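Single-structure report; data block below.
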Amino acid sequence: MVCIYCSGNTNVTNSRLQKRSNNIWRRRSCRHCAAVFTTIESPDTASSIVVSYEDGSIKPFLRDKLFISILKSLPENDQYESAAELTTTIISTLMGKSLAKMSPMPAADIIKAAQTVLHRYNRTSYLRYSAEYAADSVRITRKN
């Protein structure tokens, strides 16, 4: 990788796998200007997960679309950080399913994964999300 300041070559001085988000954190130093900066490598979900819709169309998975749908379902007081963390959790679940199948993932599977995560997080958020996607919704039954 090149330096973000001078475009010189860099060395990796520290590297760590972030298991929860499946990212790689790296500390880099520039050979030319000696600047130190951090990079985070993450999977490209747009090319890794392909979504099939009920109308037969197939489109790349868009993290931002999922983030916005989760953001809309959350209470106003803790939206952004929680939505980002919930989105990461949902994507981690989907990546495991996508890699196992290696075929287009039905949009209903994404909705079900989001509902499962939201149900564990906050019942109100789960209900808001389910109301928005009621036509594609898969009911989650509570075990007594």
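Tell me which residues come under 5 Å, amide H to amide H, from residue 18 once H is placed; ignore anything under 5 positions away on its chain.
23, 24, 25
Against the longest principal axis of the chain, how steep is helix 107-121, in degrees 0 to 90 to the nearest 10, with axes from Cα atoms?
90 degrees
Using the Karplus curve 6.51 cos²θ - 1.76 cosθ + 1.60 with θ = phi - 60°, what ³J(HN,Hα) values do you get for each residue of segment 3-18, in whole Hz, with x for Gly and Pro?
So the J values, rounded to whole Hz, are 5, 6, 9, 10, 6, x, 6, 10, 10, 8, 9, 7, 8, 9, 7, 9.
Give me the distance in nm between label points sitting 7 Å out from Cα along the Cα-to-Cβ direction at residue 6 and residue 54, one decimal.
The answer from the label model is 5.9 nm.
Taking H as built 1.01 Å from N, whose amide H comes closer than 5 Å to the amide H of residue 8, not counting residues under 5 places away?
3
Given N residues in the chain, what is its alpha carbon radius of gyration divided by 2.2 N^0.38 Å?
Details: Rg = 18.8 Å, N = 144, 2.2 N^0.38 = 14.5 Å.
Normalised by 2.2 N^0.38 Å, the Cα Rg of the chain equals 1.29.
Could you line up 76, 81, 132 from fewest to most neighbouring Cβ atoms inside 10 Å? Numbers along the way, then the final one.
Working: 76 5, 81 8, 132 14.
Fewest-to-most ranking of 76, 81, 132: 76, 81, 132.
At R0 = 41 Å, how high is the FRET efficiency between residue 120 and residue 32 if r is their beta carbon distance? Nearest 0.05 is fine. Kindly include the intermediate steps, with their values, before the conclusion.
Details: r = 48 Å, r/R0 = 1.18.
After rounding to 0.05, the efficiency reads 0.25.
Here, each number is a calculation from the coordinates, and none is a lab measurement. Quick caveat: nothing in here was measured; it's all calculated off a predicted structure. Note: ideal-geometry Cβ built from the backbone for every residue, glycine included; neighbour counts use all protein chains shown.
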